[in-house]
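Participant: Once you've had a glance at the structure underneath, I'll fire off some questions.
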Amino acid sequence: TINSTNLDDLYNAYEVEFFDKYNKDQRAYARDQLSTGLNPNEPENTLRLGLEFVNNSVQADVIGNIELRQTRDDLVVEFTASHYGIQAQAGDVVKITNAIYGWAPKLFRIVRVKEIETEEGGLVANIQALEYNADV
């Protein structure tokens, strides 16, 4: 199956809470928003993160930007692979070829691998993957 994220689920801003080492480890916030690449009917949707192991604004901004840009890649595929697919792990990048969509090949990052037992007693892998973006 091939799905995309709903327009209401796309984040277009972030707010990261962290503990600022330059201010006696008091709570601080890093905020930013996208100015380009927005859909005209897209509602405001802020990604809120709490990072308890981050202690400066530079790290908070970097993590916030990475998470925000990654949520903009909205193409999700789910497929069943033979028992060879069980070796795949979350985080692996795979190539998927599909003539109908013109993928020759297209890169996807595996998000989930689920082992399923078939009626014959064999194992197959149900794999869910998110479109890979090398910039993120």
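The values are calculated or read from the model by the stated rules, or taken from the named source; none is laboratory data. This one's a predicted model, so the numbers in the text were calculated from it and none came from an experiment. Using ideal geometry, Cβ is built from the backbone for each residue, glycine included, and neighbour counts are taken over all protein chains shown. These area figures cover heavy atoms from the full protein model, side chains too; ligands, DNA and RNA do not enter into them. Shrake-Rupley method; radii C 1.70, N 1.55, O 1.52, S 1.80 Å.
Participant: Could you compute the longest span of the chain free of GluC sites (Glu not before Pro) located in DSSP loops and having at most 15 other Cβ atoms within 10 Å, not counting the site residues?
Facilitator: Values: sites that count: 44, 52, 119, 120.
After excluding every exposed loop site, the longest remaining stretch is 53-118.
Participant: Given 4 °C and 1.567 mPa s, how large is the Stokes-Einstein diffusion coefficient of the range 32-89 in µm²/s, with Rh as the Kirkwood radius over Cα pairs? Mind showing how you got there, number by number?
Facilitator: Values: Rh = 14.8 Å.
The estimated diffusion coefficient comes to 87 µm²/s.
Participant: What is the distance in Å between the Cα centroid of the range 82-136 and that of the range 17-45?
Facilitator: A separation of 32 Å, based on Cα centres.
Participant: Just the number, please: carbon plus sulfur as a percent of the accessible area of the chain, 1.4 Å probe, no ligands or DNA/RNA counted. Don't skip to the end; give the middle numbers.
Facilitator: Working: 4270 of 9330 Å².
Of all accessible area on the chain, carbon and sulfur atoms account for 46 percent.
Participant: Treating only the Cβ atoms of Lys and Arg (+1) and Asp and Glu (-1) as charged, compute the dipole magnitude of the range 1-66 about its Cα centre; round to the nearest 20 debye.
Facilitator: Working: 5 positive and 11 negative charges, 48 e Å.
Result for the range 1-66 is approximately 240 debye, rounded to the nearest 20.
Participant: With a ≥ b ≥ c taken as the square roots of the eigenvalues of the C-alpha gyration tensor of the range 38-136, please select rounded if a/c is under 1.5 and otherwise prolate if a/b is larger than b/c or oblate if it is not? Mind showing how you got there, number by number?
Facilitator: On the way: a/c = 2.52, a/b = 1.70, b/c = 1.48.
Because a/c hits 1.5 or more and a/b exceeds b/c, the range 38-136 counts as prolate.
Participant: Among 86, 66, 116, which residue has its Cα furthest toward the positive end of the charge dipole of the chain, with +1 on Lys/Arg Cβ and -1 on Asp/Glu Cβ?
Facilitator: Towards the positive end, the residue furthest out is 66.
Participant: Got a sec? What order do 136, 54 fall in by accessible area at 1.4 Å, biggest, i.e. largest, first? Walk me through the numbers before you get to the answer.
Facilitator: Working: 136 50, 54 15 Å².
Correct descending sequence by accessible area is 136, 54.
Participant: What does the charge count near residue 74 come to, summing +1 for each Lys or Arg and -1 for each Asp or Glu among other residues with Cβ under 9 Å from its Cβ?
Facilitator: On the way: positive: 72; negative: 9, 73, 131.
Overall, the nearby charge balance is -2.
Participant: Here is a follow-up. Compute the long axis of helix 57-71 from its Cα atoms, compare it with the longest principal axis of the Cα atoms of the chain, and write down the angle in degrees, 0 to 90, nearest 10.
Facilitator: Tilt of helix 57-71: around 30 degrees.
Participant: With every protein chain in place, what's the accessible area of residue 101 (1.4 Å probe, Å², nearest 10)?
Facilitator: Surface open to solvent at residue 101 totals about 130 Å².
Participant: Ok, one more. Between rounded, prolate and oblate, where does the range 94-136 land on the alpha carbon gyration tensor, with a ≥ b ≥ c its root eigenvalues, rounded for a/c under 1.5, else prolate if a/b exceeds b/c?
Facilitator: On the way: a/c = 4.42, a/b = 1.80, b/c = 2.45.
Note, shape of the range 94-136 comes out oblate.
Participant: Follow-up question, since we're still on this one. In the range 1-109, which trypsin sites (Lys or Arg not before Pro) are in a loop and have at most 13 other Cβ atoms within 10 Å, using DSSP for the loop call?
Facilitator: Numbers: sites: 21, 24, 27, 31, 48, 69, 72, 95, 106, 109; in loops: 24, 72.
In loop regions of the range 1-109 (DSSP not H, G, I, E or B), the sparsely surrounded trypsin sites (Lys or Arg not before Pro) are 24.
Participant: Need one number: % antiparallel among DSSP beta bridges in the chain, to the nearest 5.
Facilitator: On the way: 31 of 36 bridges.
In the chain, approximately 85 percent of DSSP beta bridges are antiparallel ones.
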